[in-house]
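Report on one structure; see the data block that follows.
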């Protein structure tokens with residue numbers, strides 16, 4: 001009996017050990033596989049992104065030598081729209097949205113032609129003065145390269161999705177020089193309120209590798225570390241909360257402005273290249289009336305705001321309009337750089353009447369507007385550390401989260417899936433695309449809003465009102481006036 005017992009126990013232990021080895025071996029191979037794949041993708045995307053950024057910089061410097069370079073905008077937008085329409089319709093608009101749409105609707109399949117067409121169309125648009133960003137094309141280039149490799153390696157749907165997300169992270173990390181924020185952005189932007197933990201490791205590896213390759217190839221990045229430390233106070237915290245609300249409103253204005261201009265463009269029954277001529281003419285007029293500072297990337301204006309230069313009250317509104325026209329009338333590019341412009345100039349303006357340092361408010365605006373417009377508060381908060389240092393981070397995080405909540409179920413990326421409701425009072429169907437979301441307000445009797453409405457109702461019921469003859473009516477009037485017509 002003892003021998004039998006020992007034999008059975010040994011067999012049981014053997015199976016347990018074999019199971020543990022099998023599980024550990026699978027995890028080890030999986031980690032090794034994705035570290036190798038993500039490193040390769042990060043390196044290739046880093047090279048591709050660097051080539052794009054260098055070409056964009058050189059072309060922009062060449063064109064800017066001409067005093068009225070923006071007069072070429074109608075032809076440039078026509079050429080950009082024609083190129084996209086004829087060769088790669090999937091490259092239309094701002095690239096990150098198309099990548100999100102491809103992941104959710106097309107099993108992360110991106111046509112190879114999108115990569116060169118998106119790069120060329122964006123260079124044509126931005127160098128001529130179109131108001132757009134450079135991160136969208138980099139994310140689409142990264143995702144497109146990843147999709148090509150997924151085809152070559154015959155990946156299934158799950159692994160293809162992971163690889164494409166690595167491409168998004170690598171492109172975003174390389175374009176702004178923020179490897180951690182870029183890596184988080186790739187796994188946060190697809191589903192609102194959810195991080196894709198199964199892609200976290202390869203996303204980080206791809207983002208860090210892409211950033212390092214771009215740095216080695218000579219790409220220079222913007223950093224503006226704060227050289228002073230804030231002393232916490234209730235007044236400062238309240239102002240940061242108020243700024244978060246304001247930046248959330250700015251993000252809403254951008255989202256709604258983009259939607260309104262998109263509807264305007266849809267009403268024009270002309271081909272997209274012809275609409276490019278119209279949009280380019282509108283942008284030329286805008287530059288003449290206001291300034292050419294609202295065209296292109298607007299990096300000089302962002303830099304000035306971060307150095308303490310005040311901004312006019314209308315600056316962020318003009319940029320919203322210029323960006324909406326560019327991206328909905330045939331132009332190609334991203335939207336994050338315009339968001340930085342909008343947030344920085346709005347912050348510089350708000351600082352003027354809130355008694356805040358202009359540079360501080362502009363820095364908060366950059367990241368908080370991104371958190372609200374893109375529904376990416378974690379990536380935006382981390383970006384504040386990578387761009388400005390740890391001193392601003394606690395306040396930036398608060399502003400980012402408030403801005404994220406303020407935008408509700410809206411986004412500059414309508415193909416994002418909604419994974420969480422931002423308030424228990426808002427009733428929404430989770431798992432659907434933001435553009436398809438219908439929000440219902442479901443008040444609870446004991447909620448703060450419900451109590452406030454109940455109090456307001458009671459006050460209204462006990463407040464006498466006046467009829468047309470100026471007599472008191474309702475519950476507060478006498479019987480005679482209560483019978484009169486109101």
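The values are calculated or read from the model by the stated rules, or taken from the named source; none is laboratory data. It should be emphasised that the depicted structure is a prediction, and the values quoted were computed from it without experimental measurement. Cβ coordinates were reconstructed from backbone atoms using ideal geometry, including for glycine residues, and neighbour counts include every protein chain displayed.
In table form, for the structure just shown:
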item	result
Selection status of residue 417, closer than 12 Å to residue 240 by Cα, touching a residue at least 24 places away in the same chain (Cβ under 8 Å) and in the same structural domain as residue 322 (by TED's automatic domain parsing)	no
Filtered residues of the range 357-384 (kept if over 30 Å from residue 434 (Cα atoms) and touching a helix residue (DSSP H, G or I) at 6+ places or on another chain (Cβ under 6 Å))	358, 359
The listed residue being modelled with pLDDT of 95 or more and either within 20 Å of residue 189 (Cβ to Cβ) or surrounded by fewer than 24 Cβ atoms within 10 Å (Cβ to Cβ) (or both), out of 353, 340	340
Filter pass, residue 387 being crowded, with 21+ Cβ neighbours inside 10 Å and out of contact with any helix residue (DSSP H, G or I) (no Cβ under 7 Å at 6 or more places or on another chain)	yes
Sole exception among (1) without any contact (Cβ under 8 Å) to a residue 60 or more places away in the chain; (2) surrounded by 16 or more Cβ atoms within 10 Å (Cβ to Cβ); (3) on the phi < 0 side of the Ramachandran plot for residue 70, by number	(1)
Within the range 287-316, tally of residues that are over 24 Å from residue 135 (Cα atoms) and part of a helix (DSSP H, G or I)	2
Test: residue 144 is part of a helix (DSSP H, G or I) and under 16 Å from the mean Cα position of the chain (by Cα)	no
From 144, 95, residue being touching a helix residue (DSSP H, G or I) at 6+ places or on another chain (Cβ under 6 Å), in contact (Cβ under 8 Å) with a residue 40 or more places away in the chain and not assigned by TED's automatic domain parsing to the domain that holds residue 292	95
Residues of the range 89-130 classified as under 26 Å from residue 292 (Cβ atoms), outside any helix (DSSP H, G or I) and at pLDDT 90 or above, total	3
Residue that is farthest from residue 325 (Cα to Cα) [pool: residues in the range 244-279 that are without any contact (Cβ under 8 Å) to a residue 24 or more places away in the chain and assigned to a helix (DSSP H, G or I)]	267
Single unsatisfied condition, residue 294 versus (1) farther than 23 Å from residue 53 by Cβ; (2) in contact with a helix residue (DSSP H, G or I) (Cβ under 8 Å, 6 or more places away or on another chain)	(1)
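Listed here are the residues, each with its yes/no results for (1) part of a helix (DSSP H, G or I); (2) closer than 22 Å to residue 302 by Cα.
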position: 318; (1), (2): yes, yes
position: 344; (1), (2): yes, yes
position: 350; (1), (2): yes, yes
position: 356; (1), (2): no, yes
position: 359; (1), (2): yes, yes
position: 390; (1), (2): no, yes
position: 405; (1), (2): yes, no
position: 413; (1), (2): no, no
